[in-house]
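Colleague: One structure, pasted below without further comment.
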């Protein structure tokens, strides 16, 4: 991976199974201020409220900080990931999973974390969201690579492009 990436970072491995480095808010926070400003305007929030360093980071977006109940639930139960909960998958997680295109692979991720461990899963996610041409990590909403414009931007987008476009169309 580029820039020495590839090492497991627990702060960016969400309890629900999302891979934070592929989140558009995380990408905006870490390396694309224009993206972050665009998202803040779209959400009608100050930029400070959309900044995010990952699920388990000190700085979390309004969604992860204020609206996500899975993080708090996992912490109260002493769990690292929702997939190890005896109530998995709970109704809240089911509702969360089907609401947005970047959550399509939630069950697959949580199963993989249980099978292979978070470190191996994390490395696999770095590959799954990386541009095949330049290695840049892209979000599920980047149809083209945000650095080199290659299409598709990642294996995730290649696999789910039609579903992503369909779900986004239903949200308008």
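Read-outs: derived from the displayed coordinates by stated rules, not from any lab. Everything numeric in this text was worked out from a predicted model, so none of it was measured. A quick note on method: Cβ atoms are made from the backbone with ideal geometry, for glycine too, and the neighbour counts reach across all protein chains shown.
Colleague: Stretched out fully, how many nm does the piece from residue 159 to residue 99 gain, at 0.36 nm a residue minus the Cα gap?
Modeller: Roughly 19.8 nm would be gained on extension.
Colleague: Hey, with R₀ at 25 Å, roughly what FRET efficiency would residue 168 and residue 148 work out to, going by the Cβ-Cβ distance, to 0.05?
Modeller: 0.65
Colleague: Okay, moving on. If each of residue 133 and residue 116 carries a label point 7 Å out from its Cα toward its Cβ, how far apart are those two points in nm?
Modeller: About 2.6 nm, to one decimal.
Colleague: If I model a spin label as a point 7 Å beyond the Cα along the Cα-Cβ vector, how far apart are those points for residue 66 and residue 32 in nm?
Modeller: Spacing of the two 7 Å Cα→Cβ label points: 2.4 nm.
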